[in-house]
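Chemist: Structure below; questions to follow.
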Amino acid sequence: MRWFLAIFLAALCIHGAEAQTVRFPSVAVGSAPAGPEISGWLYRPSGAGPFPAIVLAHSCAGVNDHTTVWGKLLASWGYVTVAPDSFGPRGEKSVCTKGGVVSGNMRVADVAGALDFLNAQPFVQKNHLGLIGHSHGGWTTVRAVQKSYGLAQHGLRAGVAYYPSCQAQFDSNVDVPLLILIGDKDDWTLADNCRRLQAAGFTRPDLVETVYYPNAYHSFDSVAPNRTVPGANGSTHRLAYEPSAAPDAEARTKAFFEKYLR
């Protein structure tokens with residue numbers, strides 16, 4: 001009952017930003033080839049703008065209620081938000097048991113397309129653009145801020161990655177400010193992998209901040225009952241809301257985007 005009440009109260013706080021369907025091309029950048037035309041959901045703050053804007057990268061479960069909650073929340077903070085559907089146009093609904101079918105690298109091209117779409121809108125503050133992603137979308141975010149993709153030239157100023165996959169061999173050359181938020185009890189995307197990435201060293205360590213929550217599991221910001229879900233190769237993973245980590249991460253996210261996008 002407690003979690004249901006929390007969902008209801010959260011919905012009251014962010015009610016009003018209804019999504020509009022949009023379409024835009026996926027854009028080849030670096031080693032990420034262009035994908036199919038991407039459909040997405042656009043959330044706008046009230047008023048004429050122009051506003052800074054954020055690309056919202058969904059989890060391995062695809063566009064769902066979690067995407068809607070975050071889209072409305074970001075709009076309530078004063079950001080135009082576009083949530084690309086990276087799976088549907090590629091013939092997938094969810095990749096939680098087959099994460100590499102649509103990889104984080106592939107989705108960087110969708111992010112590039114979304115950034116270009118936002119920069120073309122008269123109600124968007126050109127080049128004041130951010131990126132936030134959760135889980136598979138967090139992997140996408142960590143990959144998208146790598147210098148080899150050049151998304152800073154598409155207006156990207158900051159990225160926030162919730163419980164991402166971290167890979168030391170691929171993710172050290174960050175050239176856009178990055179905030180990583182992950183739980184120490186995460187058994188799906190391991191916090192230790194992000195520690196290994198830190199230990200290996202970033203080319204620009206001044207651009208990266210990582211916060212580890214000692215009691216948090218995967219999906220710690222999602223207000224839903226604790227549950228176990230299937231992953232790849234017959235694995236299972238615990239998802240659990242963490243009532244101390246979630247609001248702290250949200251506050252850090254809001255402050256981070258205020259710092260770099262305003």
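Quick note: the coordinates plus some simple rules give every number you see, no bench work behind them. Remember, it's a predicted structure, so these values are computed and weren't measured experimentally. Positions of Cβ are backbone-derived with ideal geometry, glycine not excepted, and every protein chain shown enters the neighbour counts.
Chemist: Relative to the present Cα-Cα distance, how much length would full extension add between SER244 and GLU37 at 0.36 nm per residue of separation? Mind showing how you got there, number by number?
Modeler: Numbers: separation 207, 0.36 × 207 = 74.52 nm, distance 3.92 nm.
The span from SER244 to GLU37 would gain 70.6 nm if fully extended.
Chemist: Now for a different question. I want to verify the translational diffusion coefficient of the range 75-168 in µm²/s; compute it with Stokes-Einstein, Rh as the Kirkwood radius over Cα pairs, at 25 °C and 0.890 mPa s.
Modeler: Values: Rh = 13.7 Å.
My calculation gives 179 µm²/s for D.
Chemist: Now, a different point. What is the dipole size for the chain, taken about its Cα centre, with +1 at each Lys and Arg Cβ and -1 at each Asp and Glu Cβ, in debye to the nearest 20?
Modeler: Numbers: 22 positive and 20 negative charges, 33 e Å.
Magnitude of the dipole: close to 160 debye.
Chemist: Further question: Run the helix sum for the chain: -39,500 (n - 2.57) per DSSP H stretch of 4+ residues, divided by residue count, reported at 222 nm to the nearest 500 deg cm²/dmol. If you can, show how the numbers build up before the last one.
Modeler: Numbers: 6 runs with 77 residues, N = 262.
So the calculated ellipticity at 222 nm is -9500 deg cm²/dmol.
Chemist: Right, here's the next one. Give me the compactness ratio for the chain, meaning the Cα radius of gyration over 2.2 N^0.38 Å. Walk me through the numbers on the way to the answer.
Modeler: Working: Rg = 16.8 Å, N = 262, 2.2 N^0.38 = 18.3 Å.
In units of the globular-protein estimate, the chain measures up at 0.92.
Chemist: On to the next question. What's the center-to-center distance, using Cα atoms, between the range 127-200 and the range 44-105 in Å?
Modeler: Measuring centre to centre over Cα atoms gives 16 Å.
Chemist: Which peptide among 23-35, 42-54 comes first, and what is the full order, when sorted by highest mean count of other Cβ atoms within 10 Å? Walk me through the numbers on the way to the answer.
Modeler: Working: 23-35: 17.9, 42-54: 19.5.
Answer by packing, highest mean first, reads 42-54, 23-35.
Chemist: How large is the dipole of the range 67-143 about the Cα centre if only Lys and Arg carry +1 and Asp and Glu carry -1, each at its Cβ, rounded to the nearest 20 debye? Don't jump to the answer; show the numbers that get you there.
Modeler: Numbers: 7 positive and 4 negative charges, 24 e Å.
Using only the charged Cβ atoms, the result is roughly 120 debye.
Chemist: Percent antiparallel among DSSP beta bridges with both residues in the chain, to the nearest 5?
Modeler: Restricted to the chain, the bridges split so that about 40 percent are antiparallel.
Chemist: While we're looking at this one, here's another question. Which whole-number percent gives the relative contact order of the chain, counting Cα pairs below 8 Å spaced six or more residues apart? Write out the running numbers ahead of the final one.
Modeler: Numbers: 616 pairs, mean separation 42.9, N = 262.
Relative contact order for the chain comes out at 16 percent.
Chemist: Under a point spin-label approximation (7 Å from Cα along Cα-to-Cβ), what is the ALA200-ASN226 distance to one decimal in nm?
Modeler: For the pair ALA200/ASN226, the computed spacing is 3.3 nm.
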